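Below: one structure, written as structure tokens.
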Amino acid sequence: MLRGLILSASVALVAACGGGGGGGSSGGLPGGPVAPNEYKVQLTASRTSIPLTLDLNPCTNPPSYAWPGAATIFVNASRDRTNDPIPGGDEVFGCNVLSGLESGALYYFRGNEDDRVEILCGPDDEREIEGAFRNIVLGSNSGGNSFHVLSTNRSGTVVVRCTATDPVSGEQAFKDISIAVGGAPTGLPSQLVLNLSAPNALIRQGQNGPTQLVVQVEVVDEQGQPVPNPIAGGANLMASIVTGTAQCAAGAGANLRSGAVTAKSVTAATINGQAQFSVVSGEDAGSICVEFYSDRSDNSVSNGISQLVYNAVAIPVYDASDFDTALSITTEAALPDAFFGTPYAQFLAATGGRPPYTWALRTGSTLPTALTLSTDGVISGVPSQVGDNYSFIAVVTDSIGRTAERSFRLNVKDAAGFGLRVVTTALPGGVAGSTYSAVVTAAGGTPPYTWSSIPAAPFPGVALAATGVLSGVPPAAGTFSANFTVTDSTGATASRVLQIAVQ
């Protein structure tokens, strides 16, 4: 019998479906042979559908059969023809999870010390909790027993099989039962979750320090479940380096790598909801600002983006010779306007001190509703309240505890009042002779949108699809401009001139 394992929140999503069977009988003809009197196993459950358990921290929410995400399973066995219950004894039933361990596990809750595991909740806080099992062994009392299935934070179906061995024939009878965990997810992107490898800061090329890190992106739906893999040959995630802004000065020489592709903008197909990109520094210090896009409408960025799902990260790049100069925030106090219901991102930048930096709001300071400030200095979210002159104070702390702060101002405008507009303010740069991909996005008006540009091929070697996807291979270096126009379903239009810098 396996000792219990505490299931953590990092288990991956697997959905499975179950069946049943085992232990049948055959009827006898009058005056003929007597029908076999085999064992048969029966499984019933207090509930066959349970909700997710989002708090899987055993210190704050130890396993309990009273959890909303708990089901009691009753197992019984008897002779098929006479219904005589299985004899009492130890180790009569064996039950195991056939599939769906990511979504739930088995628990005893019978008060035995062997069923419990020790956990550490603090330096002097050692506790015992019920253990989670892949399989359990139960005795029989009056032909039956019971155990429990507890859910995790991953939706799916837990399929459990219980067996009993006939002491006369030695044959096993079994029965399966399925417990559905969580509701039916849509499988459409709702959030992009970013995880960065160490280090969380880079050094300029040529200075004998870390010049590359990996960003892992998890694309999850509204229930926090990984989205399905996109269709073969398609991509459902795009990453782009922001260039041409003072806050993102290190982006000009930096690159992204995805598989064999090195560029300012790359796409990827998630596997079980996850994809990863490498970010490589260039010769400039400052911040590499990387934006990530997915599309909730169809889990694809290959055909444009209709319902933007967005996240961003700022990766500081340092010049070793600048260490220990005065720490200061360089972002201007008046931030670009945000719009109600439209994804927003603003990168904060600092210089000097002893990198890496950590960002936070000063105690008592708040951002507009639904916006947050990440520790790497990105203000992001989808504003849910309109208002002007929101004021807040951001504090940056270097690696030895020195701080600098600045007061910022931000307006959140009513999107409806501004009608249809082009959201994209800057395009990622390109590399001559290398594949280029990017997307222009819009908000307001009445979707769906159709895109066009003047000139029709906006940049040398780069074409614009009606969905807003830019793709091609720029043949030569230079800075090129084009006027992009979006048209909504009512015929309303909005335009913006955008540039691409090709190295």
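Considering the range 257-267 alone, what residues qualify as being out of contact with any Gly (no Cβ under 6 Å at 6 or more places or on another chain), crowded, with 24+ Cβ neighbours inside 10 Å and not hydroxyl-bearing (Ser, Thr, Tyr)?
Of everything in the range 257-267, just one residue is out of contact with any Gly (no Cβ under 6 Å at 6 or more places or on another chain), crowded, with 24+ Cβ neighbours inside 10 Å and not hydroxyl-bearing (Ser, Thr, Tyr), namely 266.
Among the candidates 66, 71, single out the residue that is assigned by TED's automatic domain parsing to the domain that holds residue 135, of a type in the set (Gly, Ala, Ser) and without any contact (Cβ under 8 Å) to a residue 12 or more places away in the chain. So that I can check it myself, show each step before the final result.
Values: 71 fails: without any contact (Cβ under 8 Å) to a residue 12 or more places away in the chain.
After applying the criteria, what remains is 66.
For the range 271-294, state whether one or more residues are surrounded by fewer than 18 Cβ atoms within 10 Å (Cβ to Cβ) and closer than 29 Å to residue 452 by Cα.
no
Mind checking which residues of the range 82-100 are at pLDDT 95 or above and β-branched (Val, Ile, Thr)?
Result: 97, single match.
Looking at the structure I just gave you, is residue 288 aliphatic (A, V, I, L, M) and assigned to a loop (DSSP other than H, G, I, E, B)?
no
Residues in the range 78-87: is at least one under 34 Å from the mean Cα position of the chain (by Cα), assigned by TED's automatic domain parsing to the domain that holds residue 158 and not in a strand (DSSP E or B)?
No, every residue in the range 78-87 fails to be under 34 Å from the mean Cα position of the chain (by Cα), assigned by TED's automatic domain parsing to the domain that holds residue 158 and not in a strand (DSSP E or B).
So the check is Cβ under 8 Å with 6+ separation or different chains; which pairs have a first residue in the range 281-300 that's in the same structural domain as residue 227 (by TED's automatic domain parsing) and a second one that's acidic (Asp, Glu) and surrounded by fewer than 24 Cβ atoms within 10 Å (Cβ to Cβ)?
Note: pairs meeting the criteria are 285/319; 285/322.
Pull out all pairs, ordered by first then second residue, where Cβ-Cβ is under 7 Å, the residues are six or more apart or on different chains, the first lies in the range 249-266 and is in the same structural domain as residue 289 (by TED's automatic domain parsing), and the second is among the basic types (Lys, Arg).
Sorted first by the residue in the range 249-266, then by its partner, the pairs are 255/264; 256/264.
Conditions tested, residue by residue: (1) modelled with pLDDT of 95 or more; (2) among the polar types (S, T, N, Q); (3) more than 15 Å from residue 150 (Cα to Cα).
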site: 60; (1), (2), (3): no, yes, yes
site: 77; (1), (2), (3): no, no, yes
site: 80; (1), (2), (3): no, no, yes
site: 102; (1), (2), (3): no, no, no
site: 108; (1), (2), (3): yes, no, no
site: 113; (1), (2), (3): no, no, yes
site: 120; (1), (2), (3): no, no, yes
site: 124; (1), (2), (3): no, no, yes
site: 130; (1), (2), (3): yes, no, no
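Quickly run through the range 167-196 and pick out the residues that are assigned to a loop (DSSP other than H, G, I, E, B) and more than 20 Å from residue 226 (Cα to Cα).
167, 168, 169, 170, 171
Considering only the range 269-301, state which residues are among the hydroxyl-bearing types (Ser, Thr, Tyr) and in contact with a Gly (Cβ under 8 Å, 6 or more places away or on another chain). Walk me through it before giving the result.
Pass one, the range 269-301, residues among the hydroxyl-bearing types (Ser, Thr, Tyr): 270, 278, 281, 287, 293-294, 297, 300.
If the condition is that a residue be among the hydroxyl-bearing types (Ser, Thr, Tyr) and in contact with a Gly (Cβ under 8 Å, 6 or more places away or on another chain), then 281, 287, 300 are the ones that fit.
Scanning for something under 21 Å from residue 350 (Cα atoms), without any contact (Cβ under 8 Å) to a residue 60 or more places away in the chain, in the same structural domain as residue 339 (by TED's automatic domain parsing) and in a strand (DSSP E or B), does the range 404-426 turn up at least one residue?
no
Just checking, how many residues over the range 351-385 are over 30 Å from residue 320 (Cα atoms), modelled with pLDDT under 90 and either assigned by TED's automatic domain parsing to the domain that holds residue 250 or among the β-branched types (Val, Ile, Thr) (or both)?
Number satisfying all stated conditions: 1.
Out of all the residues in the range 233-288, which are more than 22 Å from residue 379 (Cα to Cα), of a type in the set (Val, Ile, Thr) and out of contact with any Phe, Trp or Tyr (no Cβ under 7 Å at 6 or more places or on another chain)?
Across the range 233-288, the qualifying residues are 261, 262, 267, 270, 271, 280.
Starting from residues that are aliphatic (A, V, I, L, M) and modelled with pLDDT under 90, keep the ones in the range 208-240 and report whichever is nearest to the chain's Cα centre (by Cα).
My answer is 231.
Kindly indicate whether residue 176 is at pLDDT below 90, surrounded by fewer than 20 Cβ atoms within 10 Å (Cβ to Cβ) and under 14 Å from residue 76 (Cα atoms).
Judged against the criteria, residue 176 is not a match.
The values are calculated or read from the model by the stated rules, or taken from the named source; none is laboratory data. Keep in mind the model is a prediction, meaning the values are calculated, not measured. Cβ coordinates were reconstructed from backbone atoms using ideal geometry, including for glycine residues, and neighbour counts include every protein chain displayed.
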